[in-house]
Amino acid sequence: MLKNGVLKMKNEEQIKKDIETTFGELVKVHIKRRHRIKVDAPKNMTLPILAYLKQRGFHQFTLLTCVDWIKKGMFELVYNLYSLDYNVHVLVSTHINRENESMPTAINIYEMAFDYEREIHEMFGVEFEGHPRLGEFLLEDWKGMPPMRKDFDTRAYVEEKFNVKDLTKELFTRKEQPYRGPGSNG
């Protein structure tokens, strides 16, 4: 904001109030610490919030990540935005079902979401509706459950892939050696 030719920085409280005034009780806004705000939003409000924040100076899309809350049966998608003008990070968080894992794409608002959505699709199985290219990205010829889900059986995968019968005996058993670092006599 320019006021008398001087850039007027918004602080976290002002940004929090702007978001709450615009979206009301549909969202929960928390100031996590200095320069960091978290917005908890329902799935259907996530893209409108992203568009609103971009229009208000949050032009930097820095990350999209996914957390598997297996006990709750949910994935949490966290969109990380940054404003150079305000020096504030905003994390927009939403939860979606693990079983019906779909979310509208954010690439029409932030082009940088393109590869992050592809990675989350491949690693967690989340569908991003409207994304033009959700195919193979990091994993070549992958078949089966997405590997970053908490119910993915890593041990069974390694045993099958590398034909190892007793993984603990083969890979994790070793004789401990005494430390022979600098200054030791041995």
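May I ask for the equivalent-ellipsoid semi-axes of segment 1-137, computed as the square root of five times each C-alpha gyration tensor eigenvalue and listed largest first in whole Å?
On the way: eigenvalues 157, 55, 29 Å².
Its equivalent ellipsoid spans semi-axes of 28, 17, 12 Å.
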So LYS17 and GLU159, fully extended at 0.36 nm per residue minus their Cα-Cα distance, gain in nm 45.8 nm
Here the gain from full extension of MET145 to THR65, 0.36 nm per residue of separation minus their alpha-carbon distance, amounts to 27.0 nm
For LYS10, counting only aspartates and glutamates whose alpha-carbon sits under 20 Å away and dropping same-chain residues fewer than eight positions off, the answer is ASP18, GLU20, ASP85
The whole-number value in µm²/s of the Stokes-Einstein translational diffusion coefficient for segment 37-113, with Rh from the Kirkwood sum over alpha carbon pairs at 4 °C and 1.567 mPa s, is 102
Computed for segment 2-142: size of charge dipole around the Cα centre, +1 on C-beta of each Lys and Arg, -1 on C-beta of each Asp and Glu, debye to nearest 20, value 1120
Taking 142-155, 49-62 and ranking on average Cβ neighbours within 10 Å, highest first, one gets 49-62, 142-155
Amide H contacts under 5 Å for GLN60, restricted to residues at least 5 apart in sequence or on another chain and with H modeled in the peptide plane, are TYR82, LEU84
Note, segment 27-34: 3J(HN,Hα) by Karplus (6.51, -1.76, 1.60, θ = phi - 60°), whole Hz, Gly/Pro = x, goes 10, 10, 10, 10, 8, 7, 5, 4
Relative contact order in percent for segment 2-142 (Cα pairs under 8 Å, 6+ apart) equals 19
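Values in this text are rule-based calculations from the coordinates and carry no lab data. These figures come from a predicted structure and were not determined experimentally. We place every Cβ from the backbone using ideal geometry, glycine too, and count neighbours over all the protein chains shown.
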